[in-house]
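Read the structure below first, then the notes.
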Amino acid sequence: MILLHAVAQRMFFWIGEPIAETFQPFGYVAGILLVSVVLIALLLIKQQWIERFPPPVYIMAVMACLVALDTLTGDGNNIWLYLLCQGIVSVRLSGEKTGWTTLSFLLSYLMISGLNGWRAQPWWLLIYQALAFGMIGWMSSMLQKARWDASQVKQENRRLLVKVEEANRRLHEYILELEETSRRDYLTGLYNFSGFQEQVTRSLARCGAGQSYHVICVDLVDFQQVNMREGIDAGDQMLVMLARQLKRNLPPYAQVARYDGDQFAVGLMGDERVLRQSLETIEEVISGLRAERTLLNFCLGTASYPQEATNASELIRIAENRLSIEQRRLRHQEEERQRHLEKLSALGQLAAGLAHEIRNPLTSIRGFIQISARESEQVKKWESIILPEIDRINDLLRQFLHLSESRPARFTVFNLDQLMEDVLRLLQPKTMLMGHQLIVQPPVTPVVIEADAEQLKQVLINLIQNGLESLSEGGKVTVRWKEMRDRILIRVEDNGTGIKPEHMSRIFDPFFTTKKDGTGMGLSICHRIISDHGGQIHVTSQPGRGTTFNIHLPICQVSTVKQRSSTNNQDHSGTSQQGTRKDQAEHLEECSLPLSKRRLALHPSKLLR
């Protein structure tokens, strides 16, 4: 106790007297106010500033203010001020410094109060004061612990809030993805019909004054036949390929949709020029797909906003109505083609009934004329006129019989290049005598096909002869053929007089001809032969510039493959039957090979020489 009293007196000598001398010129009141302001500033200073200084420095600064305040007031029993400052400092500092803070404030108070009659204080009062400082330290540590727990709870709440926000964001993205998926086609990834309607509605809302929006509806009219002929997987691949080509070639701002299986819709903003370019792009994409895979017909229907509609539903409905009109037109053409085939069938039956009845009397008349010409000079004078006319009637009857033939085609696998060489060798002399050119453009690699060689040769001779007869002086006929996946394209092109537009729809009708000595049966027979092979024949012509015939034929005949496959599944005995099954299996294997390997697998004995 005596030691603490001595230390207190020494501190008063070191601290109290200099403080009193410092503030004596200004007055004690001003000194008390200044020290109070400094003390309050230290107690209320921002937390980040406190953390920049070491804790002992901050504690010593606060205690120095307290000592200065006690010295100026002359009252050393301001225990409440010490306890208040201890509590604030303990709370502002970290929890590890609470014990040192309590001890520092307790010792400072005891030393300052010791200068003011500390010996006269009873011992229990000292214990009470020490307990008060200890209680404030404990409460400060509890408060700090509570603040720490609260900060941890806040941090955990913030983490949970971040997780909740992240979960909400993911849920929102998942909902948007589900909504987008519901607006998309499962196969191609394009918009479906409902999604396309939403996109058109939004686009129309963004249209300004003077802007137009167009909807183009596309229908693949023969797509069901593609599925039946090549399979559903091949059809799906074709749809996916078509969707990719449309997205790649159309403008990036165009909305493309697929609905009802084989129908597509395109919506885009722009003027009439943009609409024309988009229509040309769609035609080029589908034409390229037709060249790669198979024959694929299509029709279009368009509508424009605001010229023809006032809202999205009306705009799409007008485009679909026009598409329906085009579909009916194509169906009408198909019905006309079926009626044409029925007409050919009826004509064939008529020819079969009359040809034999007419040819027998003609044979008798021809023989009678020849015998009479030997015996009579008068008859001999007219023999050169009568016999050619009888031969002309016989030729007409022969073409009747060709048209009425209903024998099944004899399909064999042969080299198409060799067949073309035979046809061209046959017609080359006639071409030279007529003063024309017959140009051949064969493919780089040989082409192998399954067809009736004699019937196909008949078609080629007929088309090339028609081309030669349509040429003026110094004309040319070009023949080219190539392989396109599972089909063969044969093209016969001339630069002759062409076909008049009013005759284009009748050129395949029986007895229709523009030649003076023609019968009108040649193209009808060609059309029937190509149809029997599962192919198609198309013609394009411009008067004065020439005509082009395009023949599309399948490489393998599906009916023959199925028939031979069923035969191959039956069990037979005998060496000859085993050899037959082996040949059939080889043929089926050839048709199932890739086109690049099919030629190598073909046995030389199967090629037509």
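Miscellaneous remarks
- Amide H contacts under 5 Å for Asn297, placed H, 5+ residues apart: Val221, Asp222
- Taking label points 7 Å from Cα along the Cα-to-Cβ direction, Trp124 and Tyr253 give a separation of 9.5 nm.
- In this structure Met484 has an accessible area near 20 Å², from a 1.4 Å probe over the protein heavy atoms.
- When each of Lys457/Lys515; Lys430/Lys457; Lys343/Lys482; Lys343/Lys515 is checked by Cα-Cα distance, pairs over 27 Å: Lys343/Lys482
- For Met484, the residues whose modelled amide H falls within less than 5 Å of its own, excluding neighbours fewer than 5 places apart on the same chain, are Leu489.
- Contour minus Cα-Cα distance for Asp417 and Ser376 (0.36 nm per residue): 9.4 nm
- Between Arg202 and Glu334, residue separation times 0.36 nm minus the direct Cα-Cα distance comes to 43.6 nm.
- Above-threshold pairs, the threshold being 24 Å between Cα atoms, out of Lys46/Lys163; Lys476/Lys500; Lys46/Lys145: Lys46/Lys163
- Carbon plus sulfur fraction of accessible area for segment 429-560, probe 1.4 Å, in percent: 51
- Note on Phe53 and Ala167: with the Förster distance fixed at 51 Å, the Cβ-Cβ geometry gives a FRET efficiency of about 0.75.
- Accessible area per residue, Å², segment 136-227 with all protein chains present, probe 1.4 Å: 65
- When you filter the trypsin sites (Lys or Arg not before Pro) in segment 417-497 for DSSP loop state and at most 14 other Cβ atoms inside 10 Å of their Cβ, you are left with Arg485.
- For segment 243-341: rounded, prolate or oblate by the Cα gyration tensor [a/c cutoff 1.5]: oblate
- With K and R counted +1 and D and E -1, the other residues having a Cβ less than 9 Å from that of Trp481 yield a net charge of +1.
- Taking the inverse of the mean reciprocal distance over all distinct Cα pairs, the Kirkwood hydrodynamic radius of segment 141-188 comes to 13.7 Å.
- Here the Karplus curve 6.51 cos²θ - 1.76 cosθ + 1.60, taken at θ = phi - 60°, turns the phi angles of segment 191-208 into couplings of 5, 8, 5, 5, x, 5, 4, 4, 5, 5, 4, 5, 5, 5, 5, 8, 5, x Hz, with x standing for Gly and Pro.
- Built amide H within the under 5 Å cut-off of Asn415, gap 5+: Leu608
- In sequence order, calculated HN-Hα J values of segment 376-388 (Karplus, 6.51, -1.76, 1.60; Hz; x Gly/Pro): 10, 5, 5, 6, 4, 5, 9, 5, 5, 9, 6, 4, x
- Within the accessible area of segment 183-236 (1.4 Å probe), percent carbon and sulfur: 49
- Equivalent-ellipsoid semi-axes of segment 411-538, from the Cα gyration tensor, Å, largest first: 24, 19, 13
- The packing ranking of peptides 169-182, 252-265, highest mean first, is 252-265, 169-182, where packing means the average number of other beta carbon atoms within 10 angstrom of each residue.
- Based on protein heavy atoms only, segment 356-491 ends up with 56 Å² per residue of surface accessible to a 1.4 Å probe.
- Cα-based shape type of segment 162-321, given that a ≥ b ≥ c are square roots of the gyration tensor eigenvalues and the cut on a/c is 1.5: oblate
The values are calculated or read from the model by the stated rules, or taken from the named source; none is laboratory data. Because the structure is predicted, anything quoted here is derived from the model rather than measured. Don't worry about glycine lacking a Cβ; one is built from the backbone with ideal geometry, like all the others, and counts go over all protein chains shown. Just the protein is used for accessible areas: all its heavy atoms, side chains included, with ligands, DNA and RNA removed. Shrake-Rupley method; radii C 1.70, N 1.55, O 1.52, S 1.80 Å.
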